[in-house]
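Below is one structure, written out as structure tokens; the observations come after it.
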Amino acid sequence: MKTHFLPTQAWRRRGLHVMAMVLAILVLFLIDTATRYEVAVSVFYTVVILAMAHVLALRGLMLLTGSCIALTWLSFFITNYGDQRAGLINMLISTMAILITGYLACRAETARAAAHDAQARLMRISRIHSLEGLTTSIAHELNQPLAAIVTSGHACQRWMAQDPPRLDKAGQALDRILGDADRASGIIARVRRLSQGAPASTRPFVFNAEVREVLALSQAEMQRLGIAMRADLAAGLPLALADPVQIQQVIANLLLNAMEALALVATPRRTLRIETLQLQDKLVLRVTDGGPGLPAGAQEQVFEPFWTTKHEGIGVGLSISRSIVEANGGQIWAEPHAPGGAVFAFSVPVAPAEGKA
């Protein structure tokens, strides 16, 4: 079971917020108690609740609301001067205001948590959707090392069956079997990394290496569709700073979208170009396809949730890709490509540490 700790700076900010809340409540209580019944100072507890709505969780908001109501009533009973009837009316009005504000704050917190969970589920769906489009490639990639293992195994048996056994040749066959088994294990590891819904883990990584891994998984599907792919990966790039697994997911989404677009046009137009480059303190990946292109004015709409040009699409892949890229400090955009097709590109920050890819 994993335990998650907030960073020290976050704990300090949270502590300052709580201290400010306690001080504000104490000041309001003293002023409310020191003034006459007719002065409804306690209604300002609603401001404290609204200010803490983005800091406290649901249980904390409920506790804060209950505490403010209790202090309002306590202040009423220990105040000894003024019109008590007017004070009772003010207390009831303040209580209702605090209760309503607390209820709305709790509803907002519940909605925010539900939206966060829904986004996480959509991200998981998007990962699975991308992997579905790469199933043929994965099978093709695994079939090669498995077939080589079988071939090397039969060769090893033949060398061992000779009289005398050719142990040197058999050993070479076993080495090939181990090498191919490692290749198959690496393919499975790449697929597992893409399918996992792990939280973001930002670290420096070789940008081109992550691009090549996704291209390796996509190669067989491109061959099946007759897509001519050209990869122009710039040499000497510095290390990128982001979550490499999430960045691979974005690359896979863009490749999948490009392949689906190219499947709609004639084979001669099925061209795909992948390029990486550096623009100041950002690394950029561009995916250019020769497909039908984007509708007029759709460069921004394509990244909106549930907006899609596909008959069977659900419109979450590019929206989630934008969320991932922006969460990692980058940007994503689309633009038309002449004479036909579209360009999808995104950027990620360069790692501060020196390094070349």
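Using a 1.4 angstrom probe on the protein heavy atoms only, could you order Ile49, Ile78 from most to least accessible area? The partial results should precede the final answer.
Working: Ile49 0, Ile78 80 Å².
Correct descending sequence by accessible area is Ile78, Ile49.
Normalise the Cα radius of gyration of segment 193-294 by 2.2 N^0.38 Å (N = residues in it) and let me know the number. Walk me through the numbers on the way to the answer.
Numbers: Rg = 14.2 Å, N = 102, 2.2 N^0.38 = 12.8 Å.
Normalised Cα radius of gyration, segment 193-294: 1.12.
Annotation: Arg14 carries an accessible surface of approximately 90 Å², with a 1.4 Å probe and no ligand, DNA or RNA atoms counted. With the convex hull of its Cα atoms as the shape, segment 9-104 has an orientation-averaged projected area of 5.5 nm².
Local charge sum around Ile227 (other residues, Cβ-Cβ under 13 Å, Lys/Arg +1, Asp/Glu -1)?
With Lys, Arg at +1 and Asp, Glu at -1, the net is +2.
If the chain linking Gln280 and Ile100 were pulled fully straight, counting 0.36 nm for each residue of separation and taking away their Cα-Cα distance, it would gain 59.7 nm.
The values are calculated or read from the model by the stated rules, or taken from the named source; none is laboratory data. Because the structure is predicted, anything quoted here is derived from the model rather than measured. So basically every Cβ, Gly included, is an ideal-geometry build from the backbone, and we count neighbours across all protein chains shown. Remember, those area values only see protein heavy atoms, side chains included, never the ligands or the DNA or RNA. Shrake-Rupley method; radii C 1.70, N 1.55, O 1.52, S 1.80 Å.
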